[in-house]
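Inspection log for the structure reproduced underneath, given as structure tokens.
The values are calculated or read from the model by the stated rules, or taken from the named source; none is laboratory data. None of the values given here were measured: they were computed from a predicted structure. Note: ideal-geometry Cβ built from the backbone for every residue, glycine included; neighbour counts use all protein chains shown.
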Amino acid sequence: MKSGMLKSDSSRQPGYGPRLRRDERPCRSSEKGIVLVAVLVFTLILTLLGFSVLSVANSEIALAQKDVDKTKAFYLAEAGLEIFRAKLSSGEIRGGQSGSIEGDLGEGNYRVDYYSDGNAIATGMAGGQEE
């Protein structure tokens, strides 16, 4: 062997690091399992975010249904007033009397309380909402 030449290591190839077997990976003991923990944390965050979105969506649906029921109740009260006016015009109800009329229409009901002074109060009920 000439002087100045290094002895070649048969386990090394030029330009490459040390050869490792497939089941060997250089890792520090503090890095073991960090990927699993990161995936679990990420999955937990996504799950919580998903449940939050579902909760908000359910709240919005409930509020929208309540609004629909209030609108139905309003129109039921209006219909009750129209029925009262029709009965007043036809003579079924005489002016100067007090009383009430009730009825079911569609998905709810109405009640009209009328008084001898000519005033009337109409109430509509739909889906548990009163207007």
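Summary table below
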read-out: Some residue of segment 84-103 being of a type in the set (Lys, Arg), assigned to a helix (DSSP H, G or I) and under 30 Å from the mean Cα position of the chain (by Cα); value: no
read-out: Only listed residue being surrounded by fewer than 10 Cβ atoms within 10 Å (Cβ to Cβ), within 30 Å of ILE121 (Cβ to Cβ) and modelled with pLDDT of 65 or more, chosen from GLY91, GLY99, GLY80; value: GLY91
read-out: Scan of segment 102-111 for residues that are under 15 Å from ILE121 (Cβ atoms) and touching a helix residue (DSSP H, G or I) at 6+ places or on another chain (Cβ under 6 Å), ordered by number; value: TYR110
